[in-house]
Amino acid sequence: MEVTAKVFAIGNSNAIRIPRLIMKNLSLNANDYVNMRLTDNNELIIRKKFKNEGYPSIKEIFKGYSGDYVPEEFAPNDRRGTEMV
């Protein structure tokens, strides 16, 4: 299925209206999340994001963390963080 949609502005952002037929076929509803990917051929692929594809839990993020981090202050002229990559 291929449809044409117009890009329009909403405030400082842009949006594309998704036709009802596509919403229905993808079981998409308002406030659902989608994943977007740009291919090497400049094609935009949009697919429904399922709940189990969510962000990792805080426990997963900090798994293996021992709590040994000690914050330190930097001098105003310290060059750390300004390295060129």
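Within the stretch 37-56, the set of residues being in a strand (DSSP E or B) and more than 14 Å from ILE18 (Cα to Cα) comprises ARG37, LEU38. Kindly check whether there is at least one residue in the stretch 15-31 that is on the phi < 0 side of the Ramachandran plot, free of Cβ contacts under 8 Å to residues at least 40 places away in the same chain and assigned to a strand (DSSP E or B). Within the stretch 15-31, one or more residues are on the phi < 0 side of the Ramachandran plot, free of Cβ contacts under 8 Å to residues at least 40 places away in the same chain and assigned to a strand (DSSP E or B).
The residues of the stretch 19-48 that are farther than 20 Å from MET1 by Cβ and at pLDDT below 90, listed by number, are ASN31, TYR33. Does LYS59 fit the bill of being farther than 18 Å from ILE16 by Cα and of a type in the set (D, E, K, R)? Here the answer is yes, as LYS59 does meet what is asked.
The values are calculated or read from the model by the stated rules, or taken from the named source; none is laboratory data. Bear in mind that the values here come from a model prediction, so they are computed numbers and not experimental data. Note that we place each Cβ from the backbone using ideal geometry, even for glycine, and neighbour counts take in every protein chain shown.
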